[in-house]
1. Please work out the FRET efficiency for the pair R38 and E61, using the Cβ-Cβ distance as r and a Förster radius of 41 Å; give the result to the nearest 0.05.
2. Expected output is a single nm value to one decimal: the length gained when fully extending between D99 and V21, i.e. 0.36 nm times separation in residues minus the C-alpha distance. What is it?
3. If the label point is 7 Å along Cα→Cβ of M54, which residues in segment 14-44 have backbone nitrogen under 16 Å from it?
4. Taking the Cα of I91, stepping 7 Å toward and past its beta carbon, and measuring to each backbone N in segment 49-74: which are under 18 Å?
5. With the calculation restricted to Cα positions, what are the radius of gyration and Dmax of segment 1-41 in angstrom?
6. Using only the alpha-carbon atoms, what does segment 2-95 span along each of its principal axes? Please give whole angstrom values in decreasing order.
7. Going through segment 2-80, which GluC sites (Glu not before Pro) have at most 14 other Cβ atoms within 10 Å and a DSSP loop state?
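The numbers here are math on the coordinates, done by the rules we state, and not lab data. These numbers come from a predicted model, not from an experiment. Note that each Cβ is placed from the backbone with ideal geometry, even for glycine, and that neighbours are counted across all protein chains shown.
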Amino acid sequence: MIVDKPWGKVVTYALNQPASVRVITVEPGQETSVHYHRLRDEMWVVLDPGLTVMIGNRVVEAQPGDEFQVAAETAHRISNHGDRRGRVLEIAYGYTTEDDTQRLEDDYGRPLDPDW
């Protein structure tokens, strides 16, 4: 399943409630919203250079191969300051759907309130 986003896309390769596997692609100069999930934890593996990850109060200029844990209810964002698409492999543990996204900040005018 491919979900286009204003900043790039999310491709889901396995969607299960115990664990889901996705690749997040962020286009150059773009970034995801600052958001969190109530019902899932995430593990990220950075695949490409040029990405900055924000997890809680921590901001890291990530390198390919870097791994990050994102606990449920922790605000996070991926930004691409490079000149090529940047990808992150995400393994999500728990309820993985778009309706478990609470945006705190969004550059694309999308609603901050969740649909639930």
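1. With R0 = 41 Å, the Cβ-Cβ based efficiency is 0.90.
2. 26.4 nm
3. Residues passing the 16 Å test: 29-37.
4. 64-72
5. So, for segment 1-41, Rg and Dmax equal 11.4, 33 Å respectively.
6. Computed over the Cα atoms, the extents are 35, 30, 24 Å.
7. Loop-located and lightly packed - E73.
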